[in-house]
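Encoded as structure tokens, the structure appears first; notes follow it.
The values are calculated or read from the model by the stated rules, or taken from the named source; none is laboratory data. Because the structure is a prediction, the values reported are computed rather than measured. Here Cβ is always computed from backbone atoms with ideal geometry, including for glycine, and neighbour counts include all displayed protein chains. Only protein heavy atoms, including side chains, enter the accessible area calculation; ligands, DNA and RNA are left aside. Shrake-Rupley method; radii C 1.70, N 1.55, O 1.52, S 1.80 Å.
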Amino acid sequence: MARAPRESRSQRDDRRPRDRDEPELIEKLVGINRVAKVVKGGRRFGFAALVVVGDGRGRVGHGHGKAREVPEAIRKATESAKKSMIRVPLREGRTLHHDIKGHYGAGSVVLRAAPAGTGIIAGGPMRAIFEALGVQDVVSKSVGTSNPHNMIKATFEALSRCASPRMVAQRRGKKVSDILGNRTAGAAEARE
């Protein structure tokens, strides 16, 4: 009885269906904290990681992970971020449609749409969000806390309320030209 020749590992991997739809994700590590747990024998140290993940085309998420080792904490945070991704409509694929404020805990943020060539004017954690999101022109300001967790959650609260003229028109049962006015409607529809 002849046995079939064994397949190599690379040949077996080629048979598996690959997810071609999943785009390459941009991962940004916002911060790592060393945390301690006091136990009977002393202190046990661990690490808490805060990560932002985006596809660079309007989807972004954030996650938090804790573990005894740094790589494991980052992996957990990245998995959490992938599960919490939201879609944000972008104007011309480079900026927000309108100015918006966000609030979470003691953190308040103001996000403003900006003309082409402005760049990302944002500090720390908000910059990571906009880079992962694919925004190229935005002006933002954090008012209140500088705690990265609250800044990120306030920014996500603001981005989740961001709406394009097409979405507003659809919700109201009107045309985009009725929402924007006749002089800018044609340009807005052409951009989308």
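For region 121-139, give me each residue that is within 15 Å of V30 (Cβ to Cβ) and touching a helix residue (DSSP H, G or I) at 6+ places or on another chain (Cβ under 7 Å). Within region 121-139, A122, G124, P125, M126, I129 meet the criteria. Taking region 31-62 as the range and being under 17 Å from K83 (Cβ atoms) and part of a strand (DSSP E or B) as the test, the residues that pass are A49, L50, V51, V52, V53, G54, R59, V60, G61, H62.
Just so you know, in region 32-48 the residues that are surrounded by 16 or more Cβ atoms within 10 Å (Cβ to Cβ) and either in contact with an Asp or Glu (Cβ under 9 Å, 6 or more places away or on another chain) or aromatic (F, W, Y) (or both) include one that is farthest from L96 (Cα to Cα), and it is G46.
Part of a helix (DSSP H, G or I) and open to solvent by 80 Å² or more (accessible area, probe 1.4 Å) - does that describe any residue in region 141-156? Looking through region 141-156, none of the residues is part of a helix (DSSP H, G or I) and open to solvent by 80 Å² or more (accessible area, probe 1.4 Å).
Among the residues of region 104-122, those that are over 15 Å from I152 (Cβ atoms) and open to solvent by 70 Å² or more (accessible area, probe 1.4 Å) comprise R112, P115, A116, G117, I121.
Can you tell me which residues in region 63-81 are closer than 18 Å to E24 by Cβ, assigned to a helix (DSSP H, G or I) and out of contact with any Leu (no Cβ under 7 Å at 6 or more places or on another chain)? Passing the criteria: R75, T78, E79, A81.
Table: residues versus (1) polar (S, T, N, Q); (2) at pLDDT 85 or above; (3) surrounded by 19 or more Cβ atoms within 10 Å (Cβ to Cβ).
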| position | (1), (2), (3) |
| --- | --- |
| V138 | no, yes, yes |
| R161 | no, yes, no |
| P165 | no, no, yes |
| V168 | no, no, no |
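Looking only at residues in region 122-140 that are touching a Pro at 6+ places or on another chain (Cβ under 8 Å) and touching a residue at least 60 places away in the same chain (Cβ under 8 Å), which one is nearest to R87 (Cα to Cα)? Taking the candidates together, the pick is P125.
The condition of being on the phi > 0 side of the Ramachandran plot and open to solvent by 30 Å² or more (accessible area, probe 1.4 Å) holds for only one of G58, G93, G134, that being G93.
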